[in-house]
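Comments concern the structure below.
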């Protein structure tokens with residue numbers, strides 16, 4: 001047995017690697033990419049805006065090479081896109097096809113998450129979700145649009161996180177959040193806030209009752225309404 005093990009180890013040691021080792025990524029490039037990412041998701045750099053590597057390098061206080069490398073990272077993340085004929089980069093614009101795909105994805109993962117929570121019927125999970133709903137209702141009744149929008153997104157993120165499916169939650173945070181932030185239509189979608197105040201409690205109520213079908217249906221209705229309003233916003237953008 002020892003001889004077999006030794007032979008296996010020797011073969012492994014002498015075998016040519018199938019993949020090249022990863023080169024360590026520059027921490028400076030990561031920081032530059034994060035600065036640009038924050039500006040894109042915060043609306044400081046709006047969809048379709050052409051980005052100048054030299055201009056951003058001056059603003060951030062780094063070399064153009066670091067900004068170009070950061071552009072490549074953000075291109076892979078889908079936040080930037082190449083301009084026609086390869087003439088630089090611009091902030092990604094949300095195509096209707098991307099929009100539809102993402103909302104279909106939302107329906108799949110969030111309806112599933114609601115079902116999981118309703119079937120599990122865990123008191124601690126329900127308490128956490130209830131707290132988010134209560135905060136949302138307080139913001140909505142106070143007319144605090146910005147907080148209500150943030151709390152609605154937190155509700156959906158919490159729903160996915162409490163499913164305890166790491167992949168389901170990862171899909172939401174990676175793809176859904178990016179799409180919603182690129183929309184930049186929150187102020188239009190959520191008005192009037194009073195019209196939205198019944199929907200999250202309806203989802204919570206079904207989960208609290210252990211009604212998996214009802215929870216899934218309530219989430220679907222909520223997301224489909226958001227889809228209709230958001231689509232109108234996307235189609236109105238230049």
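The values are calculated or read from the model by the stated rules, or taken from the named source; none is laboratory data. What you are looking at is a predicted structure, and each value in this text was computed from that prediction instead of being measured. Counting neighbours? That spans all protein chains shown, and the Cβs are built from the backbone with ideal geometry, glycine included.
Take the conditions (1) buried (at least 18 other Cβ atoms within 10 Å of the Cβ); (2) under 14 Å from the mean Cα position of the chain (by Cα); residue 170 misses just one of them, which is (1). Just one of the listed residues (129, 73, 117) is touching a residue at least 40 places away in the same chain (Cβ under 8 Å), outside the structural domain of residue 197 (by TED's automatic domain parsing) and surrounded by 15 or more Cβ atoms within 10 Å (Cβ to Cβ), and it is 73.
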